[in-house]
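This report refers to the structure that appears directly beneath it.
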């Protein structure tokens, strides 16, 4: 799963699993090509989501484990602790990361994120805002990456896909990272995946 705005018809795509360092050869990591990519048919600025079919099945291991789909249409409460991960820039206009980064980004409720001095009407009810403290955020190069949130049983749900941030910089106060809200697309994911993908960890 990734963001639709990351996909074009020119590039070939490869998916790295169990990978932390982009420069090192790591035991337990796997690189697979994408054999099919399906972007949401309603994508413009909205519906920023796409699914990737890998060239072969993936064996789970100590370094490769799945995150689950959330329940359909679930909305995370304000302040829910979640984590963004990626190899994007380490700061505004800074270098890209060589080592996979993660940052704790508490969810910002829609009633806050849609206020005029936050994201206003750009934050829709099919998006998740997280962060906005001016310290931690997604940055350029993190697009398409996950917003993972822990469950009490130790499993993780992927609640968001990095969609956009502020043009003023990566760590702008009251401009949290904005994610496509995965729970709003669970039905679409299951319909598209029915004949193309294997979902091992979806809630009902």
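Quick look at the numbers
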| item | result |
| --- | --- |
| Set 154, 144: member being at pLDDT below 95 and farther than 13 Å from residue 170 by Cα | 154 |
| Where residue 94 falls short, out of the listed (1) over 24 Å from residue 17 (Cα atoms); (2) crowded, with 17+ Cβ neighbours inside 10 Å | (2) |
| Elements of type strands (runs of 3 or more DSSP E) in segment 10-80, at least 3 residues being in contact (Cβ under 8 Å) with a residue 40 or more places away in the chain, within 18 Å of the chain's Cα centre (by Cα) and outside the structural domain of residue 108 (by TED's automatic domain parsing) | 50-54 |
| Residue ranges of strands (runs of 3 or more DSSP E) in segment 118-165 with at least 2 members without any contact (Cβ under 8 Å) to a residue 60 or more places away in the chain, buried (at least 23 other Cβ atoms within 10 Å of the Cβ) and in the same structural domain as residue 179 (by TED's automatic domain parsing) | 127-130 |
| Within segment 32-46, tally of residues that are within 15 Å of residue 127 (Cα to Cα) and buried (at least 18 other Cβ atoms within 10 Å of the Cβ) | 1 |
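Here is a yes/no grid of residues against (1) within 26 Å of residue 72 (Cβ to Cβ); (2) under 14 Å from the mean Cα position of the chain (by Cα):
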| residue | (1), (2) |
| --- | --- |
| 116 | no, no |
| 122 | yes, no |
| 129 | yes, yes |
| 140 | no, yes |
| 148 | yes, yes |
| 156 | yes, yes |
| 166 | no, no |
| 170 | no, no |
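The values are calculated or read from the model by the stated rules, or taken from the named source; none is laboratory data. Since this is a predicted model, take the numbers as computed values, not measurements. With ideal geometry, Cβ positions are generated from the backbone for all residues, glycine too; neighbour counts draw on all protein chains shown.
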